[in-house]
Amino acid sequence: MPIQDLIPPSPGDSADAAGEIKMELDPENSAMNDLVEEEDLKDEFCDPDNPIIVKFQDVSAAAYKIKSGVHRTPCQKSQISSIVGMEVYFKKDFLQATGSFKERGARNTLLTLSEEQKQKGVIAASAGNHALALSYHGQSLGIHVTVVMPIIAPIMKINRCKQNGATVIIHGQDLGESKTYALRIGKNKGLMYINGYDNPHIISGQGTMGLEIVEQVPDLDAVIVPVGGAGLIAGVALAVKSLSPRTAIIGVESEQCPSFSAALDAGHPIWTRSGPSLADGLAVPTVGVNAFATAKNYVDKMVVVSEDLIALAILRLIEMEKAVVEGAGVAGLAALLGDKLPELKGKKVAIPLCGGNIDTTVLGRVLERGLAADGRLARFVVTVSDRPGGITELATIISSMGISIKDIFHERAFLKSEIFNVQVKCVVETRDQEHSDELHRALKHHYPSGRIIWGPHCI
Ligand SMILES: Cc1ncc(COP(=O)(O)O)c(C=O)c1O
């Protein structure tokens with residue numbers, strides 16, 4: 001496979017490459033660049049020319065190994081079944097100690113190290129769940145972990161890795177730069193580099209989730225799996241298809257980074273442009289070579305979901321399931337809420353809720369987006385009389401319908417219509433889409449046509 005397919009065409013073409021800020025918080029390693037040649041910086045476990053296809057035996061061995069250190073999370077039928085018209089079971093891996101399924105692969109990989117490697121320690125590049133999982137299990141197994149995180153990594157995750165005893169190095173504008181740096185330090189210090197989605201032991205560890213799903217919910221029609229670097233879908237698909245060949249495996253990507261779909265089209269992993277996403281764990285521009293080779297023949301269908309659907313799925317899970325799940329972890333439900341899989345109506349479906357590590361500040365913004373996507377936040381502009389009582393009249397129409405005003409803004413200076421008019425811009429909170437539509441109808445009825453601009457793009 002041509003190596004240039006796996007990397008961005010040029011640094012400037014990468015969506016993450018904007019800006020030139022560099023932050024180096026590891027003076028000890030600042031001379032590293034000179035010591036290792038660029039061509040030596042390869043992960044020996046992820047060779048594009050010799051991809052490793054993981055076997056079912058590897059997954060069952062992993063299940064045995066990690067049993068005592070990783071939770072067997074519940075897989076329960078959800079009330080959401082009734083709103084999507086199918087029997088939905090959620091596999092709740094956000095309940096793992098560090099809040100994600102990544103612990104499965106991390107612990108399995110650490111347990112397969114030689115004694116010598118355990119002594120030396122390991123290194124990884126990650127902005128989130130893989131770093132947390134590896135540092136947590138490294139601490140519990142007495143293996144030192146170094147993680148290289150990009151400068152955009154949330155401070156909460158940096159601190160949690162440190163609390164887990166890891167050495168944290170902040171380096172790189174994006175994960176690609178962190179990875180190159182981690183490989184360089186690894187080569188110099190003899191630390192094994194552990195890729196979070198493509199190391200074969202990571203893939204077999206993630207597969208243990210598939211084994212549990214099949215045991216917990218027999219006769220499944222489909223499992224819907226979020227896809228980033230594809231380690232999770234590779235392991236889960238391998239486990240599920242080996243035990244239940246009739247169960248369909250459906251992958252879900254963020255429309256901001258459909259790299260597995262692109263790899264299926266190309267026949268091999270290929271670099272795909274990615275944009276910022278609520279599902280940051282899914283924003284992997286090139287899927288893993290081993291993960292792709294293992295998963296490609298098992299995946300029955302791929303779908304993509306929008307940012308709005310991801311926000312809506314986070315909101316639904318909080319409201320109906322009392323579960324806080326991060327963007328990457330809700331992709332499966334987002335696909336159902338967006339009616340992307342109508343063929344599953346009436347069927348029995350399992351969806352991993354893979355992670356719950358969402359920043360509180362992000363959560364607040366996401367909930368607002370979710371309310372808007374659900375039709376429960378409406379935005380409109382209406383031109384009303386600026387004579388006494390004009391704005392009161394508008395407020396009365398809104399309040400009489402049990403709708404509350406969240407934001408209101410008046411504008412007079414730029415109006416081209418009558419001098420005694422005022423343009424009122426409102427954001428209001430309603431019960432649901434039907435309630436918002438009712439308000440729209442009432443306003444159209446009350447104010448002559450042309451004086452209302454309705455919808456998200458109106459301001
Ligand atoms: C919560 C969550 N879900 C799903 C994924 C996707 O897993 P993979 O990269 O193995 O495809 C990730 C990856 O980081 C994740 O953090």
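The values are calculated or read from the model by the stated rules, or taken from the named source; none is laboratory data. Keep in mind it's a predicted model, so treat the numbers as computed, not measured. Cβ coordinates were reconstructed from backbone atoms using ideal geometry, including for glycine residues, and neighbour counts include every protein chain displayed.
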request  = Just need a number here: residues in segment 90-121 that are more than 14 Å from the ligand (Cβ to nearest atom) and either modelled with pLDDT under 95 or within 14 Å of GLY205 (Cβ to Cβ) (or both).
outcome  = 5
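Quick check on my filter: what residues within segment 349-372 are over 30 Å from ASP219 (Cβ atoms), within 16 Å of the ligand (Cβ to nearest atom) and not polar (S, T, N, Q)? Let's see the steps before the verdict.
Keep residues of segment 349-372 that are over 30 Å from ASP219 (Cβ atoms), which gives 357-372.
Checking the rest, the ones that are also within 16 Å of the ligand (Cβ to nearest atom) come to 357-359, 362-363, 366.
Of everything in segment 349-372, those that are over 30 Å from ASP219 (Cβ atoms), within 16 Å of the ligand (Cβ to nearest atom) and not polar (S, T, N, Q) turn out to be ILE358, ASP359, VAL362, LEU363, VAL366.
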message = Quick check on my filter: what residues within segment 281-308 are away from the ligand (no atom under 11 Å from the Cβ) and either without any contact (Cβ under 8 Å) to a residue 40 or more places away in the chain or aromatic (Phe, Trp, Tyr) (or both)?
response = LYS296, ASN297, TYR298
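If you take the residues of segment 122-143 that are of a type in the set (S, T, N, Q) and within 10 Å of the ligand (Cβ to nearest atom), which of them is nearest to LYS187 (Cα to Cα)? Before you say what the answer is, go through the steps one by one.
First, pick out the residues of segment 122-143 that are of a type in the set (S, T, N, Q): 126, 129, 135, 139-140.
Next cut, within 10 Å of the ligand (Cβ to nearest atom) only: 126, 129.
Working: SER126: 18, ASN129: 24 Å.
Looking at the filtered set, the residue picked out is SER126.
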request  = For segment 319-326, state whether one or more residues are modelled with pLDDT under 95, part of a loop (DSSP other than H, G, I, E, B), buried (at least 23 other Cβ atoms within 10 Å of the Cβ) and β-branched (Val, Ile, Thr).
outcome  = no
request  = Pull up segment 209-230, narrow it to residues that are in a helix (DSSP H, G or I) and of a type outside the set (A, V, I, L, M), then point me to the one that is nearest to the ligand (Cβ to nearest atom).
outcome  = GLY210
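Return yes when ILE169 is surrounded by fewer than 24 Cβ atoms within 10 Å (Cβ to Cβ), modelled with pLDDT of 95 or more, not in a loop (DSSP other than H, G, I, E, B) and not assigned by TED's automatic domain parsing to the domain that holds LEU363 and no when it is not. Give the derivation first.
Numbers: surrounded by fewer than 24 Cβ atoms within 10 Å (Cβ to Cβ): yes; modelled with pLDDT of 95 or more: yes; not in a loop (DSSP other than H, G, I, E, B): yes; not assigned by TED's automatic domain parsing to the domain that holds LEU363: yes.
The answer is yes for ILE169.
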Residue among VAL366, VAL427 that alone is buried (at least 16 other Cβ atoms within 10 Å of the Cβ) and without any contact (Cβ under 8 Å) to a residue 60 or more places away in the chain = VAL427
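Report yes if ILE233 is more than 30 Å from ASP339 (Cβ to Cβ) and either buried (at least 24 other Cβ atoms within 10 Å of the Cβ) or of a type outside the set (Asp, Glu) (or both), otherwise no. If you could, list the steps in order and put the result at the bottom.
Details: more than 30 Å from ASP339 (Cβ to Cβ): no; either buried (at least 24 other Cβ atoms within 10 Å of the Cβ) or of a type outside the set (Asp, Glu) (or both): yes.
Considered against the rule, which asks whether it is more than 30 Å from ASP339 (Cβ to Cβ) and either buried (at least 24 other Cβ atoms within 10 Å of the Cβ) or of a type outside the set (Asp, Glu) (or both), ILE233 comes out as no.
Can you confirm whether THR109 is more than 15 Å from ALA328 (Cβ to Cβ) and not basic (Lys, Arg)? Write out each step before concluding.
On the way: more than 15 Å from ALA328 (Cβ to Cβ): yes; not basic (Lys, Arg): yes.
For THR109, the condition - more than 15 Å from ALA328 (Cβ to Cβ) and not basic (Lys, Arg) - is met.
Of all residues being in a helix (DSSP H, G or I) and of a type in the set (A, V, I, L, M) in segment 267-294, which is nearest to SER126 (Cα to Cα)? Just the residue, please. Don't jump to the end; show me each part of the working.
Of segment 267-294, the ones in a helix (DSSP H, G or I) are 280-282, 289-294.
Of the ones still in play, those that are also of a type in the set (A, V, I, L, M) are 282, 289, 291, 293.
Working: LEU282: 12, VAL289: 18, ALA291: 17, ALA293: 23 Å.
Here the answer is LEU282.
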message = Go through segment 164-201 and report how many residues are closer than 15 Å to GLY128 by Cβ and of a type outside the set (Gly, Ala, Ser).
response = 9
query = Within segment 132-188, which residues are over 18 Å from ASP43 (Cβ atoms) and of a type in the set (Val, Ile, Thr)?
reply = ILE143, ILE151, ILE152, ILE155, ILE158, THR167, VAL168, ILE170
ask   = LYS157 versus (1) within 16 Å of the ligand (Cβ to nearest atom); (2) outside the structural domain of VAL330 (by TED's automatic domain parsing); (3) under 16 Å from ASN357 (Cα atoms); (4) free of Cβ contacts under 8 Å to residues at least 40 places away in the same chain: which is the lone unmet condition?
value = (4)
inquiry  = Take the residues in segment 327-348 that are in a helix (DSSP H, G or I) and more than 20 Å from LEU282 (Cα to Cα); name whichever of them is nearest to the ligand (Cβ to nearest atom).
reply    = LEU344
key: Residue in segment 18-63 that is surrounded by the most Cβ atoms within 10 Å (Cβ to Cβ), counting only those that are modelled with pLDDT of 95 or more and part of a helix (DSSP H, G or I)   = ALA62
request  = Could you give me the residue pairs with C-beta distances under 6 Å whose first residue belongs to segment 323-334 and is within 16 Å of MET209 (Cβ to Cβ) and assigned by TED's automatic domain parsing to the domain that holds PRO154, whose second residue is surrounded by 24 or more Cβ atoms within 10 Å (Cβ to Cβ) and not hydrophobic (A, V, I, L, M, F, W, C) wherever it lies, and which are 6+ apart or on separate chains?
outcome  = none
query = Which of the following residues is touching a strand residue (DSSP E or B) at 6+ places or on another chain (Cβ under 9 Å) and closer than 19 Å to GLU368 by Cα: GLY329, GLY275?
reply = GLY329
inquiry  = Could you check segment 251-272 and list, in sequence order, the residues that are within 12 Å of the ligand (Cβ to nearest atom), in contact with a strand residue (DSSP E or B) (Cβ under 6 Å, 6 or more places away or on another chain) and of a type in the set (Gly, Ala, Ser)?
reply    = GLY251
key: Which numbered condition MET86 fails, given (1) in the same structural domain as ASN357 (by TED's automatic domain parsing); (2) farther than 27 Å from GLU326 by Cβ   = (2)
message = I need the helices (runs of 4 or more DSSP H) fully contained in segment 97-147, keeping only those with at least 3 residues that are free of Cβ contacts under 8 Å to residues at least 60 places away in the same chain and under 23 Å from LEU175 (Cβ atoms).
response = 129-141
